[in-house]
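What follows is a short report on a single structure.
The values are calculated or read from the model by the stated rules, or taken from the named source; none is laboratory data. Please read all numbers here as calculations on a predicted model, not as lab measurements. Here the Cβ is made from the backbone with ideal geometry for all residues, glycine too, and neighbour counts use every protein chain on show. Please note that ligands, DNA and RNA were not included when accessible areas were found on the heavy atoms of the full protein model with its side chains. Shrake-Rupley method; radii C 1.70, N 1.55, O 1.52, S 1.80 Å.
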Amino acid sequence: MHTRRLGGTDLELTAIGFGTWQFGGRWGGADDAESEAAVHAALDTGINWIDTADIYGQGRAETLVGKVLRERGEDVIVSTKGGVAWESSDEGLQIWREAGRGYLTRALEDSLGRLGLERVDLYHVHWPVTGVAAEETMGALLDLKQAGKIRAIGVSNYSLGDLEAAGAVGQIDALQNGYHLMRRDVEGGELEWCRENGVGVLAYGPLAHGLLTGRMSADTVFPDNDWRAASELFTDAHFADRIEAVAELSALAAKSGRPGGVAELAVAWVLRRPEVTSAIVGGRNPAQVAPLAAWATTP
């Protein structure tokens, strides 16, 4: 199984990591038993790391991952994120961003409890927060690393300016940002900064949230409980043009002999960048995970 070293750390990640965002239910619902089976299936392919976050289902995804880790009893590299707070009330679920020292410290302890771990391999602050200084956020992460609670420090959804500010405080080991054929803004500065500063890049959404699987048409409609029903990527006037582009890419994938079709081509396109350590791909059930066995061997 092909692996790549994450930045300046000693973590060797498979070229594909298994993402668990979908376990939170915002992708048209989720079944816990199917989610657990999907994690097992991903690890069975040889993928050696899982990406999750406390906000995915408000602890639901971390709890499921923790259950699988205990069942398997083997070494798995775990990445999680903190920095999105939530509260349930009679008015519904309230969600907001936090990146202060006290919050991140508490959030990590809660995550470790759900995962059943004493230390997490990689911990990301989920978003930069306006009004919270990089010195406070990075200072908290550096202290957690010094205390042995985390092995490596990551940031997620950071712009170039955010990276520069955080990097001036201490060494960042990983950047997790969205990157796919139809979202290339990180090429404008973030990827280059990571290369120059020894930061590994973990690309989420390499399949454009399902668009680059080739299974959609211009008539595709999403249920109300699927976040894509309100996403510009799937609802604006150019959606039909994107579907046409995917059809052309599908033909190219077939011509190049990729058995995984346009989806495999899309992942390979992300992994072509030397700055990218690994691409994060999810699946709600074992059937969706099965193709990853071949893709994860991509050099």
- Scan the stretch 263-288 residue by residue and report those that are over 16 Å from the mean Cα position of the chain (by Cα), polar (S, T, N, Q) and open to solvent by less than 40 Å² (accessible area, probe 1.4 Å). Asn285
- Check whether at least one residue in the stretch 114-123 is in contact with a helix residue (DSSP H, G or I) (Cβ under 9 Å, 6 or more places away or on another chain) and part of a helix (DSSP H, G or I), and report yes or no. yes
- Message: For the stretch 12-90, give me every one of the strands (runs of 3 or more DSSP E) that falls completely inside it and has 1 or more residues that are more than 19 Å from Leu108 (Cβ to Cβ).
- Response: 12-14, 16-19, 84-89
- Only one of these conditions is not met by Thr130: (1) under 23 Å from Arg60 (Cα atoms); (2) assigned to a loop (DSSP other than H, G, I, E, B); (3) of a type outside the set (D, E, K, R). Which number is it? (1)
- Item | Residues being open to solvent by 10 Å² or more (accessible area, probe 1.4 Å) and more than 16 Å from Lys81 (Cβ to Cβ) - total across the stretch 140-184 | 19
- Note on the structure: Taking the stretch 210-219 and keeping residues out of contact with any Pro (no Cβ under 8 Å at 6 or more places or on another chain) and either crowded, with 23+ Cβ neighbours inside 10 Å or touching a residue at least 40 places away in the same chain (Cβ under 8 Å) (or both) leaves Leu211, Thr213, Gly214
- Pairs only if they're at least six apart or on different chains, beta carbon under 7 angstrom, first in the stretch 268-293 and closer than 26 Å to Glu192 by Cα and acidic (Asp, Glu), second modelled with pLDDT of 95 or more and open to solvent by less than 10 Å² (accessible area, probe 1.4 Å); list them, first residue then second. Glu275/Leu191; Glu275/Cys194; Glu275/Val201
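From Trp127, Trp193, which residue is open to solvent by 50 Å² or more (accessible area, probe 1.4 Å), modelled with pLDDT of 95 or more and of a type in the set (Phe, Trp, Tyr)?
Numbers: Trp193 fails: open to solvent by 50 Å² or more (accessible area, probe 1.4 Å).
Being open to solvent by 50 Å² or more (accessible area, probe 1.4 Å), modelled with pLDDT of 95 or more and of a type in the set (Phe, Trp, Tyr) holds for just one of Trp127, Trp193, which is Trp127.
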- Task: Kindly check whether there is at least one residue in the stretch 22-33 that is open to solvent by 20 Å² or more (accessible area, probe 1.4 Å), over 27 Å from Gln171 (Cβ atoms), under 18 Å from the mean Cα position of the chain (by Cα) and aromatic (Phe, Trp, Tyr).
- Result: yes
- Task: Check off (1) in a loop (DSSP other than H, G, I, E, B); (2) open to solvent by less than 60 Å² (accessible area, probe 1.4 Å); (3) of a type outside the set (S, T, N, Q) for Leu104 and give me the number that stays unchecked.
- Result: (1)
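Only one of Asn225, Asn177 is free of Cβ contacts under 8 Å to residues at least 60 places away in the same chain and over 26 Å from Pro259 (Cβ atoms). Can you tell me which?
Details: Asn225 fails: free of Cβ contacts under 8 Å to residues at least 60 places away in the same chain.
It is Asn177.
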- Item | Gly200 touching a Lys or Arg at 6+ places or on another chain (Cβ under 9 Å), under 30 Å from Asp75 (Cα atoms), in contact (Cβ under 8 Å) with a residue 12 or more places away in the chain and buried (at least 18 other Cβ atoms within 10 Å of the Cβ) | yes
